[in-house]
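Student: The structure's right below; bear with me while I get my questions together.
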Amino acid sequence: MDFSRLIFPTYTFINLFETMPLDLTVTVKMYRVGELGDCFLLHFVDQKQESHVLIDCGSFRNSQKSKDRLEKIVTDIKNRLNGKKLDVVVGTHQHNDHLSGFTHCEKLFTGMVDQVWLSWMDDPKDAFARKIQREQKNLVQNLKGIQKKLATLGVNRKHEVVNDVLGFFGAAGKDPETPAKGLEALKKMGDKEVRYLSPGSHLTLPGIDTSVKVHVLGPARNQKLLFDKDPSKDETFDPHLAKIEASASKLFSALDNQITNINREEQQFPFNQTFKKDKNKAHKEIRAKYNRRMEAWRKIDTEWLDGVDRLALFLDSYTNNSSLVLAFELVKSKKVLLFAADAQTGNWASWERIKWKNDNGEEEKFNAYDLIENTVLYKVGHHASHNATLVKAFNKMIHEELVAMIPVDKREPNIKKKNGWKMPAKQLYIKLKKHTKNRVLRMDDGFADGCSPKSKKSQWKKLPFKPVVTDLFIEYKIEG
C-alpha cells in the first residue's frame, strides 16, 4: 500500500503551522543617543498589518558630536523603513533632550512622516494653551537674561541650577531656540494634519485596525490640577505660572540695579550701584565697614538671588509635567506599554481624575490604574529621577512580564559632578530592579547591573524574547 499520499497532507499542514506569524508583536528600540536624551522607535506587526511610531528624538546638548549621532540614528530609522513612512511621530514636550533631533535632522525627516501627535498644550487654536505658552516663553527669556547678568556679577557658578535647567531649553549649545524650532518643524513634518491630544482620549493606532489602542493620560487638561510636585486642591497652574513669571521679571530688574547705575525710587532691591557710588560721607563709612575683607562672610548682597534657583527649578518641573503621556494597549492580551516622557508627580496624580469618553463622546467608566497594572514595558520617567515616578502608581505595576527602559547616560557632566543630578535616583533604581525581577535596560550600559541574561538575579528566561544590545540601540520585543 502506498502511504505517501496519506503522509503528504499531514506534512504540508505542519509546515504551514510552523510558519504562521504571531498574532501581534511590538519591537521597541531605545536609541543610544550618546548623552542624556530620548528616542524610541516602536514597530507593531499584526500579521499583514504594521505601524511604525517614533516617540521623541533629541539629546541634551547641541554640539557637533550630538548632531552627528542624531543624524546617524535618523538615517538608521529611515533605512529600516525601506521606503515606508513613520505612521506617527510623537513630540512629548518642549525640552532639548526630546526635540532637538527634529531641528538638527529636519531634512532627513522630510517625506518620512505620515502624522504628528502633540499635546493639547501645543495647539495654536487652544486659547488656554496659548496663554500658558506665552507665560512660559516669558519665563524662559527672563531666566536667560538673568543667566547673563549672573555671569556679569561673577556669581553664576553659585547658581549653576539656572544653567542646568536652561540646558533643557537648548542653552547647552550654540542655538538656544532648538526645542522651539524642533516643535515648529514637527508641526510641518507630517503629510496629515497634526493631531493635538487631550487626556481621556482613546485612539486607534494608524496602520493597525483593532488590535492596539492608544490611551492619552497626560498632561492634565483640568485647570485646577497643578503641574508641580505638591499641588494644593484649590490652586490652578495657570495663575501659579503667571506669579512665577512675575517674580522672574522682578529678579531681572533687581539684577539691573546691581549692574547699572540707575537711580529710581521703585528699585526692586537695595545694594544697587547708585548706593555703592554716591559721595555721601556717611554712606562711605558704612561701605568701608561693610566691605572689610575679614567680615566678608557676613555680606548679604547676593543672598536674595537664591530665588533664581527656585524659579529655574519651577520651570523645569512645570515643563516636565506638561509631558504627553501615552499608554499603548495590546487589546487581546491587555498588555500595556507606558511611555511617561518626563512627567513628574503632578502629571501622574492627575490620571485618577481623568474623565474618559468613548468614540461617541459619552463618558465611560475607565480606570487608568487598570492600564498601569497591565504594564509590561515602562519607559521610566525623566531619566529615573526621584520625582518622576509616582509611588502609588509604580506600586501598581505588578505584571509578571514587567520590563523597564531608562534613557540615562552616566557620562552626562551634570550627573558626574559633585552633588549632581541623581539619575537614576538610588531608591527608585533599587525598586525598579525588584519590580521587574532584574529586567532593567539602560541606554548607556545596555543592562543595569545585575540585570543581564547571564545574571542569576534576572528572569529574562521567563519571557519569550531577550533584549538585543547594539552600539546604536537596545531592542526588546513583546508578544501580544
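The values are calculated or read from the model by the stated rules, or taken from the named source; none is laboratory data. The structure displayed is predicted, hence computed values, not measured ones. Heads up, the Cβs are rebuilt from the backbone with ideal geometry, glycines too, and the neighbour counts pull from every protein chain shown.
Student: Residues of the range 319-361 being over 12 Å from L217 (Cβ atoms) and not in a loop (DSSP other than H, G, I, E, B), which ones? If you could, list the steps in order and put the result at the bottom.
Tutor: First, the residues of the range 319-361 that are over 12 Å from L217 (Cβ atoms): 319-322, 330-335, 337, 342, 344-346, 355, 357-361.
Matches in the range 319-361: T319, N320, L330, K335, L337, T345, G346, K357.
Student: Still on this structure, please answer the following. Looking at this structure, is L36 modelled with pLDDT under 95 and of a type in the set (A, V, I, L, M, F, W, C)?
Tutor: Values: modelled with pLDDT under 95: yes; of a type in the set (A, V, I, L, M, F, W, C): yes.
So L36 passes the test.
Student: To continue, here is another question. How many of the residues making up the range 85-134 are more than 24 Å from R221 (Cβ to Cβ) and surrounded by 14 or more Cβ atoms within 10 Å (Cβ to Cβ)? Walk me through how you get there before you give the answer.
Tutor: In the first step, residues of the range 85-134 are kept if they are more than 24 Å from R221 (Cβ to Cβ); the result is 85-87, 96-97, 100-114.
Now restrict to residues that are surrounded by 14 or more Cβ atoms within 10 Å (Cβ to Cβ): 85-87, 96-97, 100-106, 108-109, 112-114.
Matching residues across the range 85-134 total 17.
Condition check ((1) touching a Ser or Thr at 6+ places or on another chain (Cβ under 7 Å); (2) modelled with pLDDT under 90) across all residues:
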| position | (1), (2) |
| --- | --- |
| L315 | no, yes |
| A327 | no, no |
| R353 | no, yes |
| Y378 | no, no |
| L390 | yes, yes |
| E400 | no, no |
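Student: Taking the condition closer than 27 Å to V403 by Cα and in contact with a His (Cβ under 6 Å, 6 or more places away or on another chain), does L86 pass?
Tutor: Numbers: closer than 27 Å to V403 by Cα: yes; in contact with a His (Cβ under 6 Å, 6 or more places away or on another chain): yes.
So L86 fits the description; yes.
Student: Here's something else I'd like to know. Kindly check whether there is at least one residue in the range 377-398 that is over 20 Å from G58 (Cα atoms), touching a His at 6+ places or on another chain (Cβ under 7 Å) and of a type outside the set (K, R). So that I can check it myself, show each step before the final result.
Tutor: Step one: of the range 377-398, the residues over 20 Å from G58 (Cα atoms) are 377, 386-387, 389-398.
Still in the running and touching a His at 6+ places or on another chain (Cβ under 7 Å): 397.
When the remaining residues are screened for being of a type outside the set (K, R), the result is 397.
Yes, some residue in the range 377-398 is over 20 Å from G58 (Cα atoms), touching a His at 6+ places or on another chain (Cβ under 7 Å) and of a type outside the set (K, R).
Student: Still on this model: Kindly provide the set of residues from the range 402-429 that are among the β-branched types (V, I, T) and within 25 Å of S66 (Cβ to Cβ), ordered by number.
Tutor: Quick first cut of the range 402-429, residues among the β-branched types (V, I, T) only: 403, 406, 408, 415.
Within the range 402-429, I406, V408, I415 meet the criteria.
Student: Can you tell me which residue in the range 53-71 is farthest from F109 (Cα to Cα), limited to those that are among the basic types (K, R) and buried (at least 16 other Cβ atoms within 10 Å of the Cβ)?
Tutor: Let us first name the residues in the range 53-71 that are among the basic types (K, R), namely 61, 65, 67, 69.
Add one more test, that the residue is buried (at least 16 other Cβ atoms within 10 Å of the Cβ), and what stays is 61, 67, 69.
Details: R61: 20, K67: 14, R69: 15 Å.
Checked the range 53-71; the qualifying residue farthest from F109 (Cα to Cα) is R61.
Student: Within 26 Å of G218 (Cα to Cα), in contact (Cβ under 8 Å) with a residue 12 or more places away in the chain and hydrophobic (A, V, I, L, M, F, W, C) - does that describe any residue in the range 446-455? Steps first, please.
Tutor: Taking the range 446-455 first, the residues within 26 Å of G218 (Cα to Cα) are none.
So far as the range 446-455 goes, no, none of its residues is within 26 Å of G218 (Cα to Cα), in contact (Cβ under 8 Å) with a residue 12 or more places away in the chain and hydrophobic (A, V, I, L, M, F, W, C).
Student: Continuing with the same structure: List pairs: first in the range 417-437 and more than 18 Å from N395 (Cβ to Cβ), second polar (S, T, N, Q) and surrounded by fewer than 19 Cβ atoms within 10 Å (Cβ to Cβ), Cβ under 7 Å, 6+ apart or cross-chain?
Tutor: Final answer for the pair search is G420/N414; W421/N414.
Student: Could I ask something else about it? Starting from the range 113-126, keep only residues that are over 22 Å from D342 (Cα atoms), then list their pairs with residues that are modelled with pLDDT under 95 whose Cβ atoms are within a distance under 7 Å, requiring at least 6 positions of separation or different chains.
Tutor: P124/R130; D126/W120
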